[in-house]
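The values are calculated or read from the model by the stated rules, or taken from the named source; none is laboratory data. Nothing here was measured: the structure is a model prediction, and the numbers come from that model. Methodologically, a virtual Cβ is constructed for each residue, glycine included, from the backbone with ideal geometry; neighbour enumeration extends over all protein chains shown. The area values use the complete protein model at the heavy-atom level, side chains included, leaving out ligands, DNA and RNA. Shrake-Rupley method; radii C 1.70, N 1.55, O 1.52, S 1.80 Å.
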Amino acid sequence: MTTQRILRFGTLTFLCLTLATTSWAQKKKGSGGGDAIMAEAARAVQLAQEGATDEAIKIFTKVIEQRPKDARLYVDRGGIYLTTGKFQEASEDFGKAIELAPKDFNGYSLRGAALVELNKVEPALVDLNKAVELKADDARTLERRGLAFYKQKNYEAALADYNKALELNPQSSLALSRRADAYFAMQQFAPAQADLQAYLKLRPEDFNAEERLRFVNAKLNPAPAAAAAAPTATPTPKPTKLLTRENVFIAIGAFLLLGIIVVVIAKFALKRRD
């Protein structure tokens, strides 16, 4: 598992949590529940939650044409862009929301999330710091800023944000997962293991997290090294036996041959003398 893989795991899945779908439900009372435009916006939110994001964006676009000064509409459409990986479009919508409602932390927080995904970490931190300044106890903003710090390899700052986010929301699977990443990057495998185990209790269907946990477990309990094989002994050469049956026969044959040669030479010598 590489650092990049640790960084990117499940990012788009968790970004679905950023959709600001509560804005209409929370503020509907103050605008008259029968407002047709608001009803359309609420329908778009419902469609987005059901996965019909393209249709939801179309509806929000039409509603924005009728209410171009309503920051909530840009926040919600930008949230859909964010969940579908259209980070530039999301950033632009959140920027418009900030122009219309500069005191609302939500636009800064969400634009910061989009900028982090665009790897524009420095401007993302400007937005996220502003969001924390406006609302210090928002767990999601802290999670987003933690990811920005993580991308900067400022792991201590990332841990501080994730710790605070978990104090505010102990059931945040996103904060647990990302804090495990930070611990892993710092080679603190025991707390990474604990966070991943807690995360899997909340999201037992996440097979990527199971793989990461196995990897962390292997770091904590490395397999013993295989024992080195004993060197093979060089066999001691056996002494050569001189007195073998073959050698005896060869020696006898050689003596006989030599005797024959001697006799032949002697006969030849006697014949010449005669």
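Tallying residues that are in contact with a Lys or Arg (Cβ under 6 Å, 6 or more places away or on another chain) and either of a type in the set (F, W, Y) or more than 18 Å from R140 (Cα to Cα) (or both) within segment 101-118 yields 2. D76 meets all of the listed conditions (1) at pLDDT 50 or above; (2) of a type outside the set (S, T, Y); (3) under 26 Å from K135 (Cβ atoms); (4) open to solvent by 60 Å² or more (accessible area, probe 1.4 Å) but one, namely (4).
Filtering A218, A139 for residues that are open to solvent by less than 50 Å² (accessible area, probe 1.4 Å) and of a type outside the set (F, W, Y) leaves a single hit, A139. Residues in segment 88-121 that are under 22 Å from the mean Cα position of the chain (by Cα) and without any contact (Cβ under 8 Å) to a residue 12 or more places away in the chain: how many? Count: 1. Give the residue that is nearest to A175 (Cα to Cα), with candidates limited to residues of segment 198-209 that are open to solvent by 60 Å² or more (accessible area, probe 1.4 Å) and in a helix (DSSP H, G or I). If we take residues in segment 198-209 being open to solvent by 60 Å² or more (accessible area, probe 1.4 Å) and in a helix (DSSP H, G or I), then L202 is nearest to A175 (Cα to Cα).
Checking segment 42-65 against the condition returns a match, with at least one residue being within 30 Å of E210 (Cα to Cα), charged (D, E, K, R) and either in a helix (DSSP H, G or I) or modelled with pLDDT under 95 (or both). Residues that are of a type in the set (S, T, Y) and either touching a Leu at 6+ places or on another chain (Cβ under 8 Å) or in contact (Cβ under 8 Å) with a residue 60 or more places away in the chain (or both) within segment 139-182 comprise T141, Y150, Y162, S172, S173, S177, listed in sequence order. Only one of the numbered conditions (1) assigned to a helix (DSSP H, G or I); (2) open to solvent by 90 Å² or more (accessible area, probe 1.4 Å); (3) at pLDDT below 95 is violated by A251, and that is (2).
In segment 91-109, is there at least one residue being open to solvent by less than 60 Å² (accessible area, probe 1.4 Å) and in contact with an Asp or Glu (Cβ under 6 Å, 6 or more places away or on another chain)?
Yes: segment 91-109 contains one or more residues that are open to solvent by less than 60 Å² (accessible area, probe 1.4 Å) and in contact with an Asp or Glu (Cβ under 6 Å, 6 or more places away or on another chain).
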